[in-house]
Amino acid sequence: MTSRAASLPPRPVRVFSSWDRRSVPAPEVPREAESSFYHRILEGSREGVAVVDSAGHIVFCNGAAAALFGSTPEDLAGREFGFPYARSGEPAAIEIFTGGQPTFVEMVATPMSWRDGEATIVHLRDVTKWREAAAQIGMQSKALEATANGVIITTRDGIISWANPAFIKMAGFEQGDVIGKSSTMLKADLGDDPLADAVAHLTAMSETWKGRVVNRRKDGALYTAEQTTTPIHDATGRLSHFVTVLEDISERLKAEDELVRLSEYDVLTGLPNRSVFMDRLRLAIERAARAEAAVAVMVMDLDNFRSINNTLGHDVGDALLCAVTQRVQKITRTTDTLARLGGDDFGILLEDVTDMAAASRTVRSIVNAFHAPVQAKGHSIEVTVSVGIAAYPKDDTDPLSLLREAELAMYQAKSEGRDAFRYFDKEMDADIRRRVRIETDLRHALEQNQLWLAYQPQMDLATGKLTGAEALIRWNHPERGLISPGEFIPIAETSGLILPIGDWIIEEICRQRQIWQVLGLPELRLGFNVSGVQFRQRNLFEQVTSALERCGLAPSTLDIEITESVAMEGTGRVQENVDRLTAAGVSMSMDDFGTGYSSLSNLQAFPVCRLKVDGSFVRGIGRAKDDEKIVEAVVRLGQSLGLTVVAEGVETIEQLKFLKDRACDEIQGYWLSKPLPPAEFRRFVESFTCPDISE
Ligand code: C2E
Ligand code: MG
Ligand code: MG
């Protein structure tokens with residue numbers, strides 16, 4: 001803001017004419033001195049005076065006039081004046097060039113009689129500065145007229161004396177409506193009156209006032225404007241006017257509001273987003289801390305949302321998310337917060353939870369609400385949800401940790417079979433940490449040659465001869481020693497690392513088989529395990545056949561073990577690869593048979609050659625009648641379908657005999673041999689003699 005001292009012109013000295021003329025005697029001027037007396041006055045005048053005779057010659061000119069022409073009175077005397085002037089006494093302007101910038105001179109001509117004739121007195125005044133100032137003012141007022149901001153000038157009493165077209169347009173008035181009226185007519189009359197405050201402030205402080213005002217248009221509509229009002233002082237330094245500049249910011253405010261809404265709310269479902277959820281959670285924790293209450297944080301995830309999205313399309317996926325939102329909204333109270341945290345993750349915040357039983361009731365209702373299908377774009381979709389819960393202050397006291405813990409609990413619910421809810425507990429945390437570490441280390445395991453394949457032999461029970469071996473992956477962790485595939489394969493599957501690992505296994509098994517072939521080892525079929533992820537994301541047919549070809553191996557040397565869950569998936573991709581591989585001569589085994597949910601129809605749809613009875617049932621032989629019944633049934637089923645039945649996990653001679661009596665075809669297990677490193681496996685095969693199993 002400009003200070004008063006800097007913006008105002010110096011105050012002129014005021015002189016009051018209180019002196020008495022009569023008390024001063026008139027000056028005595030001798031007649032002979034009279035002419036030179038007036039001459040001196042003219043000479044001393046700063047205004048130019050010239051006398052031009054009827055013939056147009058200069059008969060007199062004072063110093064100021066001569067200076068305007070860049071000359072002296074002596075030099076100009078008798079010369080032709082040469083400039084047009086009106087004799088009417090109206091001012092005329094001339095432009096004089098005396099080198100450099102032109103000088104604008106205003107001339108006022110007055111006729112006089114002189115030496116029995118006519119002459120003209122010409123008064124000359126330099127108006128260059130005035131003209132410049134006038135041009136400047138003209139330009140400024142044009143700019144004010146043209147500016148996009150509304151500008152009004154009011155008197156110090158608030159009467160509008162001028163308004164530019166932009167203001168007229170902004171306020172929706174005509175010029176005639178506002179000029180001469182009080183500026184209070186513009187205001188919205190919403191109780192407060194910032195403009196009046198501004199004027200009061202300005203009158204007192206003589207400073208520029210800036211602020212936001214709400215005004216009313218002629219049609220009654222309100223608009224918000226950014227207002228700057230500056231006081232104007234007259235030459236004596238007194239406040240005379242205000243200049244007010246108004247920028248209509250209604251549209252900008254609307255856009256800003258929209259942006260805030262967009263940055264806080266999810267466009268699809270209209271729910272608050274993650275950042276709003278976190279804010280509310282923080283506030284809820286603060287309130288609960290004062291009231292010694294509890295807060296429950298839930299994270300809900302749709303099971304199988306990705307596959308719904310992929311198979312039915314994103315439109316249906318979007319509609320499903322909206323329908324899910326509505327379903328959960330029916331269960332939660334208005335005081336609870338339901339937010340979309342991203343993707344198919346929702347956050348639910350329950351405040352004022354007096355006991356966790358109330359939270360349990362809510363979460364149970366949510367999970368159960370999805371036991372009826374959800375309608376989305378004409379599709380009736382079976383969708384279930386997994387929910388994780390963490391509570392303040394039981395589990396943690398800060399929002400981020402609570403959300404993370406609720407997420408961990410949700411993952412736990414998912415890994416335990418979905419369609420459920422779980423409370424967070426600290427052990428879960430340790431479990432997740434371990435998983436994360438394994439995943440990180442596994443990324444380097446391949447390139448650092450920490451992975452290798454062990455081979456576990458299989459034997460024909462009828463002949464006592466070796467038939468093949470299963471390749472089982474091993475990980476020599478530099479610090480933790482040998483890590484079992486049961487621990488890291490599931491992590492490799494969820495992280496996608498199973499793809500490069502699976503690629504390596506196919507190459508490695510073919511390379512090993514080729515070496516043994518060259519060394520003249522008896523021809524054994526090598527089985528290896530393949531994950532569902534590999535079937536879905538790799539062209540397994542292409543991969544296996546080209547590896548076989550590169551190593552010069554017959555397709556019948558390999559056997560692919562798939563699990564029931566992969567077979568169950570029955571997607572086109574799995575089926576197509578399995579069909580092409582078996583057509584090429586690579587055999588298939590159904591691994592862990594009995595543990596999954598495969599139905600007979602599923603089994604028949606897949607061209608498997610072998611059923612592998614899961615070790616857990618074999619272990620029950622001699623101990624659990626149910627297990628024995630399952631083993632018997634699986635063996636019979638295999639026989640009726642013409643499949644080879646291989647019993648896994650055979651550790652004792654009793655188990656072996658039980659299987660042999662039921663005409664199970666082959667066995668694999670510690671009784672025969674543990675999975676062996678390649679060199680030991682070679683020695684085992686070379687020195688293998690058929691054991692006596694007749695008794
Ligand atoms: P699986 O395919 O059913 O493999 C048989 C498992 O039983 C192996 O465990 C083997 O060491 C174990 N086993 C064999 N005989 C006996 C026995 O007499 N007693 C007992 N107690 N266990 C026996 P392993 O090597 O720990 O592998 C576990 C699972 O990890 C495998 O089950 C398979 O599903 C998976 N896996 C192993 N290697 C690979 C691989 O290269 N790729 C993939 N995708 N999965 C693999
Ligand atoms: Mg296997
Ligand atoms: Mg198995």
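Cys609 falls short on exactly one of the conditions (1) under 21 Å from Gly527 (Cα atoms); (2) out of contact with any Lys or Arg (no Cβ under 8 Å at 6 or more places or on another chain); (3) open to solvent by less than 50 Å² (accessible area, probe 1.4 Å); (4) not β-branched (Val, Ile, Thr), and that condition is (3).
Here's the yes/no breakdown for (1) under 51 Å from the mean Cα position of the chain (by Cα); (2) open to solvent by 50 Å² or more (accessible area, probe 1.4 Å):
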{"site": "Ala492", "(1), (2)": "yes, no"}
{"site": "Leu497", "(1), (2)": "yes, no"}
{"site": "Gln514", "(1), (2)": "no, yes"}
{"site": "Glu542", "(1), (2)": "yes, yes"}
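Would you be able to say whether some residue in region 438-454 is in contact (Cβ under 8 Å) with a residue 24 or more places away in the chain, within 13 Å of ligand 1 (Cβ to nearest atom) and either surrounded by fewer than 14 Cβ atoms within 10 Å (Cβ to Cβ) or aromatic (Phe, Trp, Tyr) (or both)? The answer is yes, given that some residue of region 438-454 is in contact (Cβ under 8 Å) with a residue 24 or more places away in the chain, within 13 Å of ligand 1 (Cβ to nearest atom) and either surrounded by fewer than 14 Cβ atoms within 10 Å (Cβ to Cβ) or aromatic (Phe, Trp, Tyr) (or both).
Taking first residues from region 484-510 that are touching a residue at least 40 places away in the same chain (Cβ under 8 Å) and among the aromatic types (Phe, Trp, Tyr) and partners that are open to solvent by less than 50 Å² (accessible area, probe 1.4 Å) and outside any loop (DSSP other than H, G, I, E, B), the Cβ contacts under 8 Å between residues at least 6 apart in sequence or on separate chains come to Phe488/Ile438; Phe488/Leu442; Phe488/Trp475; Trp504/Leu451. All of (1) over 41 Å from the mean Cα position of the chain (by Cα); (2) modelled with pLDDT under 95; (3) away from ligand 1 (no atom under 16 Å from the Cβ) hold for Ala554 with one exception: (2).
Taken together, the residues in region 573-595 that are more than 11 Å from ligand 3 (Cβ to nearest atom), crowded, with 17+ Cβ neighbours inside 10 Å and assigned to a loop (DSSP other than H, G, I, E, B) amount to 1. If Val383 satisfies all but one of (1) closer than 26 Å to Leu262 by Cβ; (2) touching a Leu at 6+ places or on another chain (Cβ under 6 Å), what's the number of the condition it fails? Condition (1) is where Val383 drops out.
What number goes with the only condition from (1) modelled with pLDDT of 90 or more; (2) within 13 Å of ligand 1 (Cβ to nearest atom); (3) within 28 Å of Met459 (Cα to Cα) that Ala547 does not pass? Among (1) modelled with pLDDT of 90 or more; (2) within 13 Å of ligand 1 (Cβ to nearest atom); (3) within 28 Å of Met459 (Cα to Cα), the lone unmet condition for Ala547 is (2). Within region 66-86, the only residue that satisfies the criterion of being farther than 19 Å from Gly100 by Cβ and touching a residue at least 40 places away in the same chain (Cβ under 8 Å) is Phe81. Just one residue in the set Arg623, Arg683 is modelled with pLDDT of 95 or more and surrounded by fewer than 19 Cβ atoms within 10 Å (Cβ to Cβ); that residue is Arg683.
Filter region 234-251 for residues that are touching a strand residue (DSSP E or B) at 6+ places or on another chain (Cβ under 9 Å) and open to solvent by 40 Å² or more (accessible area, probe 1.4 Å); which is farthest from Phe277 (Cα to Cα)? Looking at residues that are touching a strand residue (DSSP E or B) at 6+ places or on another chain (Cβ under 9 Å) and open to solvent by 40 Å² or more (accessible area, probe 1.4 Å), I get Asp234. Inside region 118-175, residues that are touching a Lys or Arg at 6+ places or on another chain (Cβ under 6 Å) and not in a helix (DSSP H, G or I) make up a count of 3. Inspect all residues belonging to region 512-526 and state whether any of them is closer than 20 Å to Ala567 by Cβ and in a helix (DSSP H, G or I). No, region 512-526 contains no residue that is closer than 20 Å to Ala567 by Cβ and in a helix (DSSP H, G or I).
Pairing each residue of region 515-541 that is among the hydroxyl-bearing types (Ser, Thr, Tyr) with any residue that is within 14 Å of ligand 2 (Cβ to nearest atom) and open to solvent by 40 Å² or more (accessible area, probe 1.4 Å), provided the two are 6+ apart or on different chains, yields C-beta distances under 9 Å for Ser531/Thr563.
The values are calculated or read from the model by the stated rules, or taken from the named source; none is laboratory data. Just so it is clear, the model here is predicted, and its values are computed rather than measured. All Cβ positions, even for glycine, are placed from backbone atoms using ideal geometry, and neighbour counts span all protein chains on display. Ligands, DNA and RNA are stripped out before the accessible areas are found, and what is left, the full protein with its side chains, is counted by its heavy atoms. Shrake-Rupley method; radii C 1.70, N 1.55, O 1.52, S 1.80 Å.
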